[in-house]
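Q: Sharing a structure, written as structure tokens. Questions coming.
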Amino acid sequence: MSRSPVTRGFGIAAFLLVASVGATSCAGQDQQGSPAHRMSEWALGTGLGGDIGTLNADNARVALVVPNGTGAVHAACGTIEVDADMANGELPSPDAQVTDWLSAAYGLEGTAGTQCYNAGATNKELLAQSARNTAKAHALFQRALIRIQSIIGKPVATTTTTDNATGGIFG
């Protein structure tokens, strides 16, 4: 039995409606609701505050481990690279400006980690360049956090459960 073009058109339209409703119902909480709700859910769901806090602690740890030699510096700087890459994987945020600032900050952190790793414990000039990049990243983190606070109406805590600046659970 052949269906008329009109019947087929209704069938296709019904299928597309069901498919779009199904796809929308699968969207995460960070993709639904008001801008404040979406941003709040995204920041909480990605662990943004912890990511920033961890990177800040990673950066602080570098100066502490330089006296321990190049191996210790390599470990600390490698951690910065990994943590920056993982945090960058949580983008985009629901806000384009926040995404731009965080993307730039994570890029600077990755560059700083590479510079730091390449510097080891002896190349003070490269360690200083790394520190300048982490300072620039920190300023971008602050911009993003202020923007997020203006959207959701409360600050995002940037604390971590271990303090990498003092060696955390390993030191």
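Q: Name the single residue, out of those in segment 66-78 being β-branched (Val, Ile, Thr) and surrounded by fewer than 20 Cβ atoms within 10 Å (Cβ to Cβ), that is nearest to residue 130 (Cα to Cα). Explain how you work it out, then say what you get.
A: Of all residues in segment 66-78, those β-branched (Val, Ile, Thr) come to 66, 70, 73.
The next check asks that each one be surrounded by fewer than 20 Cβ atoms within 10 Å (Cβ to Cβ); those that pass are 66, 70.
Values: 66: 13, 70: 15 Å.
Filtering segment 66-78 for residues that are β-branched (Val, Ile, Thr) and surrounded by fewer than 20 Cβ atoms within 10 Å (Cβ to Cβ), the one nearest to residue 130 (Cα to Cα) comes out as 66.
Q: Picking from 94, 155, which residue would you name as being in contact with an Asp or Glu (Cβ under 7 Å, 6 or more places away or on another chain) and under 30 Å from residue 34 (Cβ atoms)?
A: Details: 155 fails: in contact with an Asp or Glu (Cβ under 7 Å, 6 or more places away or on another chain).
Step by step, each of 94, 155 is checked, and only 94 is in contact with an Asp or Glu (Cβ under 7 Å, 6 or more places away or on another chain) and under 30 Å from residue 34 (Cβ atoms).
Q: Say whether the condition of being modelled with pLDDT of 75 or more, touching a Pro at 6+ places or on another chain (Cβ under 6 Å) and open to solvent by 40 Å² or more (accessible area, probe 1.4 Å) is met by at least one residue in segment 32-54.
A: yes
Q: Being in contact (Cβ under 8 Å) with a residue 60 or more places away in the chain, in contact with a helix residue (DSSP H, G or I) (Cβ under 7 Å, 6 or more places away or on another chain) and under 27 Å from residue 39 (Cβ atoms) is the requirement here; does residue 80 meet it? Even if it seems obvious, please write down each step before you answer.
A: Details: in contact (Cβ under 8 Å) with a residue 60 or more places away in the chain: no; in contact with a helix residue (DSSP H, G or I) (Cβ under 7 Å, 6 or more places away or on another chain): yes; under 27 Å from residue 39 (Cβ atoms): yes.
Here the answer is no, as residue 80 does not meet what is asked.
Q: Search segment 113-132 for residues that are closer than 19 Å to residue 67 by Cβ and pair each with any residue that is open to solvent by less than 40 Å² (accessible area, probe 1.4 Å) and not in a helix (DSSP H, G or I) when their beta-carbon atoms are under 6 Å apart and the residues are at least 6 apart or on different chains.
A: Matching pairs, first to second residue: 121/69.
Q: Moving to a separate point now. From the set of residues in segment 79-123 that are open to solvent by 30 Å² or more (accessible area, probe 1.4 Å) and aliphatic (A, V, I, L, M), which is nearest to residue 137 (Cα to Cα)?
A: From segment 79-123, those open to solvent by 30 Å² or more (accessible area, probe 1.4 Å) are 79, 81-83, 85-86, 88-92, 94, 96-97, 100-101, 103-104, 107-108, 111, 114-115, 117-118, 122-123; that's our starting set.
Still in the running and aliphatic (A, V, I, L, M): 82, 86, 91, 96, 104, 108.
Details: 82: 15, 86: 15, 91: 16, 96: 17, 104: 7, 108: 6 Å.
Applying the filter and picking the extreme gives 108.
The values are calculated or read from the model by the stated rules, or taken from the named source; none is laboratory data. Source: prediction; values computed, not measured. As a convention, Cβ positions derive from the backbone with ideal geometry for all residues, glycine included, and neighbour counts pool all protein chains shown. With ligands, DNA and RNA removed, areas are computed over all heavy atoms of the protein, side chains included. Shrake-Rupley method; radii C 1.70, N 1.55, O 1.52, S 1.80 Å.
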